[in-house]
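J.: My structure is below; once you've seen it, I'll send some questions.
The values are calculated or read from the model by the stated rules, or taken from the named source; none is laboratory data. Predicted model only: the values in this text are computed from it and were never measured. Don't worry about glycine lacking a Cβ; one is built from the backbone with ideal geometry, like all the others, and counts go over all protein chains shown.
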Amino acid sequence: MSDGGPVLALSGGVGGAKLALGLYRVLPPDTLTVVANIGDDFEHLGLTICPDLDTLLYTLSGEANPELGWGRRGETWTFMAALEKLGGETWFKLGDGDLATHVERTRRLAAGETLSAIMDDFRRQLGIAARLLPVSDDNVRTQLETDRGRLDFQDYFVRLHCEPIVRQLKSAGSETARPNPDFLAALADPELRAVIVCPSNPFISIDPILAVSGVREALRDCRAPVVAVSPIIGGKAVKGPTAKMMEELGLPVDAAAVARHYSDFLDAYVADEADRDAVAGLDLPVVLAPTLMVTLEDRETLARIVLAAADRRRR
């Protein structure tokens, strides 16, 4: 393996996409493959919506909306306004430009194309040199057992604003889902430089990837070093319900708990400098670094730190 070898990243949406962009900018672009969570995907208004894949698509192409953190830059909302006048469901916002992605994807899925093929074409059309893969072309859907009953992920996350108390999570369909063959081939590549677990929510962004049959085992068997980046800084989540969810699941809300969640396949861990004490007792190499990614420079700096940590742990 050389420092110019391919790199594989596992990512959810906004938080993971920040590091994915950093990796994309510091690596030869065509050496990066990003494997995306599909547990958030759902059918809405007759369309197949893939939030994390699309966030990565827009982020890597430079089309992400910097104000919202999701959706497309320069978005307009004529469709949603017209839908509201008709009494339609408006709890999940679809911008006019974003709508084109969902319509075209749904049309092509109905015509028999795979999600992998469609997303590969989309990323090429938007000028992305890195590969962007759904973990599977089969359906995997995150479901939550809560104090309000069983909820599909988007009902919990968007419609109910993460208010219900989470008791348990399930990746429905993961037992029979087939992992993306290009993902497995990348993991088995003897030239693979590193596998990077981006700082996404471990339970709703990374676990649905790991839950697909054979994926966790392939990570354990992978010859390349596997490095994860903590989504927790100083006992708090940078974004989203990670900390709330950890507390409700009976886990300590700290960076060490995330590392332990990945402990069966992890070779090194990158945590924020604020969490020095929290990770002191971990039984694996830890790199402390500024992990809050506010600027583009932050993303690139963290990407270099993570890659250096991986290079020191070559198996």
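J.: Given the conditions (1) of a type outside the set (Phe, Trp, Tyr); (2) part of a helix (DSSP H, G or I); (3) under 22 Å from Ser174 (Cα atoms), which single one is not true for Glu43?
T.: Glu43 satisfies all of (1) of a type outside the set (Phe, Trp, Tyr); (2) part of a helix (DSSP H, G or I); (3) under 22 Å from Ser174 (Cα atoms) except (2).
J.: Go over the candidates Leu151, Leu160, Leu133 one by one and state the one that is under 15 Å from the mean Cα position of the chain (by Cα) and at pLDDT 95 or above.
T.: Testing whether each residue is under 15 Å from the mean Cα position of the chain (by Cα) and at pLDDT 95 or above leaves just Leu133.
J.: Continuing with the same structure: Can you tell me which residues in the range 288-305 are touching a helix residue (DSSP H, G or I) at 6+ places or on another chain (Cβ under 7 Å), in contact (Cβ under 8 Å) with a residue 24 or more places away in the chain and within 21 Å of Val226 (Cβ to Cβ)?
T.: If the condition is that a residue be touching a helix residue (DSSP H, G or I) at 6+ places or on another chain (Cβ under 7 Å), in contact (Cβ under 8 Å) with a residue 24 or more places away in the chain and within 21 Å of Val226 (Cβ to Cβ), then Thr291, Met293, Arg299, Leu302, Ala303, Arg304 are the ones that fit.
J.: Please tell me if Thr33 is under 24 Å from Val229 (Cα atoms), polar (S, T, N, Q) and in contact with a Phe, Trp or Tyr (Cβ under 9 Å, 6 or more places away or on another chain).
T.: When the stated conditions are applied, Thr33 passes them.
J.: Any chance the range 298-313 includes a residue that's in a loop (DSSP other than H, G, I, E, B), among the polar types (S, T, N, Q) and either crowded, with 20+ Cβ neighbours inside 10 Å or out of contact with any Phe, Trp or Tyr (no Cβ under 7 Å at 6 or more places or on another chain) (or both)?
T.: no
J.: Within the range 117-133, can one find any residue that is in contact with a Pro (Cβ under 6 Å, 6 or more places away or on another chain) and either over 20 Å from Gly74 (Cβ atoms) or β-branched (Val, Ile, Thr) (or both)?
T.: Yes: one or more hits.
J.: Can you name every residue in the range 235-287 that is of a type in the set (D, E, K, R) and either buried (at least 19 other Cβ atoms within 10 Å of the Cβ) or part of a loop (DSSP other than H, G, I, E, B) (or both)?
T.: Of all residues in the range 235-287, those of a type in the set (D, E, K, R) come to 236, 239, 244, 247-248, 254, 260, 264, 267, 272-273, 275-277, 283.
Once the filter is applied, which keeps residues that are of a type in the set (D, E, K, R) and either buried (at least 19 other Cβ atoms within 10 Å of the Cβ) or part of a loop (DSSP other than H, G, I, E, B) (or both), the range 235-287 yields Lys239, Asp254, Asp264, Asp267, Asp272, Asp275, Arg276, Asp277, Asp283.
J.: Further, regarding this structure: Just need a number here: residues in the range 194-235 that are farther than 19 Å from Asp41 by Cα and free of Cβ contacts under 8 Å to residues at least 40 places away in the same chain.
T.: Residues in the range 194-235 being farther than 19 Å from Asp41 by Cα and free of Cβ contacts under 8 Å to residues at least 40 places away in the same chain: 4 in total.
J.: If I go through the range 121-154 residue by residue, how many of them are surrounded by 18 or more Cβ atoms within 10 Å (Cβ to Cβ) and either out of contact with any helix residue (DSSP H, G or I) (no Cβ under 9 Å at 6 or more places or on another chain) or outside any helix (DSSP H, G or I) (or both)?
T.: So the count comes out to 17.
J.: So, in the range 155-178, exactly how many residues are buried (at least 20 other Cβ atoms within 10 Å of the Cβ) and not hydrophobic (A, V, I, L, M, F, W, C)?
T.: 3
J.: Going through the range 203-231 one residue at a time, which ones are part of a loop (DSSP other than H, G, I, E, B), among the hydroxyl-bearing types (Ser, Thr, Tyr) and modelled with pLDDT of 95 or more?
T.: Of the residues in the range 203-231, the ones part of a loop (DSSP other than H, G, I, E, B) are 211-214, 222-225, 230-231.
Still in the list and also among the hydroxyl-bearing types (Ser, Thr, Tyr): 213, 230.
The answer is Ser230, and nothing else.
J.: Just checking, how many residues over the range 55-109 are within 21 Å of Asp40 (Cβ to Cβ), of a type in the set (Val, Ile, Thr) and part of a helix (DSSP H, G or I)?
T.: The qualifying residues number 5.
J.: Which condition number does Ser230 fail, the rest of (1) under 22 Å from Arg304 (Cβ atoms); (2) polar (S, T, N, Q); (3) surrounded by fewer than 21 Cβ atoms within 10 Å (Cβ to Cβ) being met?
T.: Only one criterion is unmet by Ser230, namely (3).
J.: Of the conditions (1) part of a helix (DSSP H, G or I); (2) surrounded by fewer than 22 Cβ atoms within 10 Å (Cβ to Cβ), Pro190 clears all except one; give me its number.
T.: (1)
J.: Has the range 230-245 got any residue that is more than 30 Å from Arg159 (Cβ to Cβ) and aliphatic (A, V, I, L, M)?
T.: Checked the range 230-245: no residue is more than 30 Å from Arg159 (Cβ to Cβ) and aliphatic (A, V, I, L, M).
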